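Step one of this worksheet: look at the structure below.
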Amino acid sequence: MNGIVALSWTVAGWFVNQVKAETNFFPFLSLFGDPASGKSALVTMLNNIQGREGEGLPITQLNTKKGAIRTIGQVSGLFTALLEDNERNEKGFDYSIILTAYNRGPLQVQASFSNDLATRENPFLGTLLFSQNREPFNSKAEKQRTISLEFKVEDLSDSTRAAYEKLTAIDKREIAGILQQVLIKRAHFKTWNKEYNSAQTTLRPMTERRILDNHALILAFYRLFCSCFDLAIDPQVTSFIAQIGRRKCVTSAIRSTTIADHFFDALDSIDMKNYPTSYYIDVEKKRLLIHLPEAERALRNLSLGIQVNEQFSRVLQEHPAFIRNGLKFRHPDNPKIDSSGRPEQVKMWVFDLEWFIKNSNLEPSEDKEKGADQ
């Protein structure tokens, strides 16, 4: 089923610019799962189908972002496979492309060498396929822009091995004829919009409209491919696409737990008598303010290995409740008094209290509010 969906996505990608002109979007494809489960073999096969050699572009620190962008921009109506970025290597690839290139945004905008305000755009005319053991997408927006196909070793069998050997025995020049035959009969695919609307109806209900649209597009091109070459439409494929679409609605809503979540969970264990300025709950403004140096000392004394460094600070800033840092705040429980006779200012990290109440059932207590009206 993964192979059929991936092939349907590849065929749809040959019409990516027509699709974007009508719908203003085109989804990315992500192959992920166990090592040696068939991902690389499928990527190589799909590349051969579209007349390209090799597996794809590995994302490593040896590659520059500009090099990756130029490689992606070299083709139109074809996909570029990006490989094995299990740790989200931001130095090798700019993941903001996932957000902008999903629609009709360019790959890159550069200032022209001139005295005026002229710029030069590198258009994105193809598609992207990601292949990795673990998906590197963090945010809900990134997850919703990708169609994810999971590969498991236990799904491999003697029959899948026989099918693989049969496919790889086909000459590369012959298998590239799929692209040629689709383009020869491209008039048949002009009705993709009608088939797309029909596929949306088939896949409803689905809680996320963007995810529904992504998977309906692939189902539409699967049906068109089958009807173009007199192949029987398998109802199990429709069920499978509906299944992975609904699963994506769930997984895109789930946020991966980070060390920041453990840090917030540990705040409640801080003895506020010994560390009075560790944090403050501002009920009126619905904010959670944290004095990071003191909170770190308090948690270390509890044998909790929280270490404030560049990586931890970045994780805090990426937390969905983060508002700002460096706010000068007069903590009402600060025993230190400045020359004005008021509590001395300390720099606080500010987070959205409502987010914690909504997602963590965090309820401010009277002893931590120091008399604030709950």
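List of remarks:
- Residue check for Ser112: touching a Ser or Thr at 6+ places or on another chain (Cβ under 8 Å), farther than 30 Å from Asp230 by Cα and either open to solvent by less than 20 Å² (accessible area, probe 1.4 Å) or of a type in the set (Phe, Trp, Tyr) (or both): no
- Note on the stretch 69-92: residues that are surrounded by 15 or more Cβ atoms within 10 Å (Cβ to Cβ) and either acidic (Asp, Glu) or at pLDDT 85 or above (or both) total 12.
- Some residue of the stretch 214-231 being β-branched (Val, Ile, Thr) and touching a helix residue (DSSP H, G or I) at 6+ places or on another chain (Cβ under 6 Å): yes
- Restricting Arg287, Arg324 to those that are crowded, with 19+ Cβ neighbours inside 10 Å and either closer than 23 Å to Lys336 by Cβ or in contact (Cβ under 8 Å) with a residue 24 or more places away in the chain (or both) reduces the list to Arg287.
- Taken over the stretch 71-89, the criterion of being under 17 Å from the mean Cα position of the chain (by Cα) and aliphatic (A, V, I, L, M) is satisfied by Ala81, Leu82, Leu83.
- Scope the stretch 90-113; condition in a loop (DSSP other than H, G, I, E, B) and either among the hydrophobic types (A, V, I, L, M, F, W, C) or within 15 Å of the chain's Cα centre (by Cα) (or both); matching residues: Glu90, Phe93, Asp94, Tyr95, Ser96, Ala101, Tyr102, Asn103, Leu107, Phe113
- Summed over the stretch 38-68, residues that are among the hydrophobic types (A, V, I, L, M, F, W, C) and open to solvent by 40 Å² or more (accessible area, probe 1.4 Å) total 1.
- Given (1) out of contact with any helix residue (DSSP H, G or I) (no Cβ under 8 Å at 6 or more places or on another chain); (2) open to solvent by 80 Å² or more (accessible area, probe 1.4 Å), number of the condition Gln307 does not satisfy: (1)
- Annotation note: of Glu174, Glu142, Glu121, the sole residue that is in contact (Cβ under 8 Å) with a residue 12 or more places away in the chain and exposed (fewer than 14 other Cβ atoms within 10 Å of the Cβ) is Glu121.
- Complete set of residues in the stretch 245-264 that are farther than 20 Å from Leu31 by Cβ and surrounded by 13 or more Cβ atoms within 10 Å (Cβ to Cβ): Arg255, Thr258, Ile259, Ala260, Asp261, His262, Phe263, Phe264
- Matching residues, the stretch 313-334, being over 14 Å from Tyr280 (Cβ atoms) and over 26 Å from the mean Cα position of the chain (by Cα): Gly326
- Members of the stretch 229-244 found to be farther than 15 Å from Pro205 by Cβ and buried (at least 17 other Cβ atoms within 10 Å of the Cβ), listed by number: Val237, Phe240, Ile244
- Close pairs (9 angstrom Cβ cut-off, 6 or more residues apart or separate chains): under 14 Å from His331 (Cα atoms) in the stretch 262-284, hydroxyl-bearing (Ser, Thr, Tyr) and open to solvent by less than 20 Å² (accessible area, probe 1.4 Å) anywhere: Met272/Ser278; Met272/Tyr279
- Of the helices (runs of 4 or more DSSP H) lying entirely inside the stretch 176-230, those containing at least 2 residues that are basic (Lys, Arg) are 209-228.
- Candidates are the residues of the stretch 187-217 that are of a type in the set (Val, Ile, Thr) and touching a residue at least 12 places away in the same chain (Cβ under 8 Å); the one that is least open to solvent (accessible area, probe 1.4 Å) is Ile211.
The values are calculated or read from the model by the stated rules, or taken from the named source; none is laboratory data. Not measured: the values here are computed from a predicted model. Glycine also receives a Cβ, built like all others from the backbone with ideal geometry; neighbour counts cover every protein chain displayed. Surface areas here come from the heavy atoms of the whole protein model, side chains and all, with no ligands, DNA or RNA. Shrake-Rupley method; radii C 1.70, N 1.55, O 1.52, S 1.80 Å.
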